[in-house]
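Visitor: Below you will find the structure I want to go over with you.
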Amino acid sequence: MSTIVPLLLVTPLIAALHIFSDSGYAEESKLQLYLHAFYAKIEPGFVWLIDKLLKSRILGGTRPGRFILKLIGKALWFLPHGVVIDHEAALRLIDEIPEDSHIAVGPCICKMGIGAKAEPYYTDMVIMYGASAYKTAHPDEFKFLTKEEAKKLLKDFRENNLVHEVFACFRSKNWAFVICNCDARYCIPTRSYILTKEGVYPGPLVAQVDFEGCSGLKDCGTCLNICPFKAVSSNDGKSNVDVNKCMGCGLCTYRCPRAARRLVPRENYDPRFLPIEHTHPWLVKKS
Ligand code: SF4
Ligand code: SF4
Ligand code: SF4
């Protein structure tokens, strides 16, 4: 209850700001910053609530229940949107952050909200106004980073098979505020997506397999085991990518021992929620 009341009060305000504002990098107003800091404060409670809904046997375990969850996902349309990105795109985004802006890292709010202590725990990499908002909300938990420290951490996260997800606010895709590094077992947006196709969206790239190069799922199967989105299936015993499920995280391409996988541009990609000019600049003309 202590979470629901502030959420009901603050969500319409955040929604209103996201609908009517279309500001770019580092142009947020004090009110936007204050509201987001407030949201960051109550976010663990929000995560706790969504976790309960996802785990509910009636909601998460039945078709009508999943339909209701999908409607809730649609209703949260005005809250920030997550897009999966590959590792190189995450490094590029860090490079593109203006020098007078901040980067900080703090605890994974999903793990904090559901009380999971699994390592790595400090995986929320907040950027630009997100760094100011989360540093205000959780001053002892978030620590500022240099760009080099941030890029090194992103590499560590990839070694731990975490998926990079950029969250940005509605309409203004340049209003990106965090690069989350997610473990699908705990991540609320990823779990929501797997159940309802809402909460997080595919990135601009998609995996492709070289049929001849693949040694077969029985002999290898690395991609099958590592894919968090169950996008790998069999094609005559070789690996196959289901493009409708592949989110373009690139974990399989990084881990494939035969270099038989690569990321290629996704057809008909909708770039509304990603600052694509900073993450995948060569795709801008095509989008
Ligand atoms: S979206 Fe990912 S990194 Fe961000 S809080 Fe959730 S699990 Fe943690
Ligand atoms: S990881 Fe590479 S070699 Fe192994 S099954 Fe997948 S595509 Fe084939
Ligand atoms: S197939 Fe590869 S790139 Fe696509 S979601 Fe799975 S691990 Fe990520």
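Visitor: Would you call Ile68 at pLDDT below 85 and touching a helix residue (DSSP H, G or I) at 6+ places or on another chain (Cβ under 9 Å)?
Guide: Criteria met by Ile68.
Visitor: Please go through region 224-252 and pick out each residue that is more than 18 Å from Val163 (Cα to Cα) and open to solvent by less than 10 Å² (accessible area, probe 1.4 Å).
Guide: Residue satisfying the conditions is Ser239 alone.
Visitor: I would also like to ask the following. I need the helices (runs of 4 or more DSSP H) fully contained in region 165-260, keeping only those with at least 2 residues that are closer than 24 Å to Cys110 by Cβ and within 20 Å of the chain's Cα centre (by Cα).
Guide: 188-196, 251-255
Visitor: Yes or no: Ser23 modelled with pLDDT under 60 and either in the same structural domain as Phe167 (by TED's automatic domain parsing) or charged (D, E, K, R) (or both)?
Guide: Yes: the conditions hold for Ser23.
Visitor: Quick check on region 142-156. Is at least one of its residues under 19 Å from Thr190 (Cβ atoms) and either within 16 Å of ligand 2 (Cβ to nearest atom) or open to solvent by less than 10 Å² (accessible area, probe 1.4 Å) (or both)?
Guide: Looking for residues that are under 19 Å from Thr190 (Cβ atoms) and either within 16 Å of ligand 2 (Cβ to nearest atom) or open to solvent by less than 10 Å² (accessible area, probe 1.4 Å) (or both), one finds at least one in region 142-156, hence yes.
Visitor: Looking at region 240-249, is at least one residue more than 9 Å from ligand 3 (Cβ to nearest atom) and at pLDDT 95 or above?
Guide: yes
Visitor: Here is a further query. Please determine whether any residue of region 226-234 is within 16 Å of ligand 1 (Cβ to nearest atom), closer than 24 Å to Lys70 by Cα and modelled with pLDDT under 90.
Guide: No; the residues of region 226-234 include none that is within 16 Å of ligand 1 (Cβ to nearest atom), closer than 24 Å to Lys70 by Cα and modelled with pLDDT under 90.
Visitor: Restrict the check to region 171-178 and report whether at least one residue is open to solvent by less than 10 Å² (accessible area, probe 1.4 Å), within 16 Å of ligand 3 (Cβ to nearest atom) and assigned by TED's automatic domain parsing to the domain that holds Glu43.
Guide: No, there is no match, as no residue in region 171-178 is open to solvent by less than 10 Å² (accessible area, probe 1.4 Å), within 16 Å of ligand 3 (Cβ to nearest atom) and assigned by TED's automatic domain parsing to the domain that holds Glu43.
The values are calculated or read from the model by the stated rules, or taken from the named source; none is laboratory data. In this text the structure is predicted, and so the values were computed from the model without any measurement. Neighbour counts are summed over all protein chains in view; Cβ atoms, including those assigned to glycine, are modelled from backbone coordinates with ideal geometry. Note: accessible area is taken over every heavy atom of the protein model, side chains too, but ligands, DNA and RNA are not part of it. Shrake-Rupley method; radii C 1.70, N 1.55, O 1.52, S 1.80 Å.
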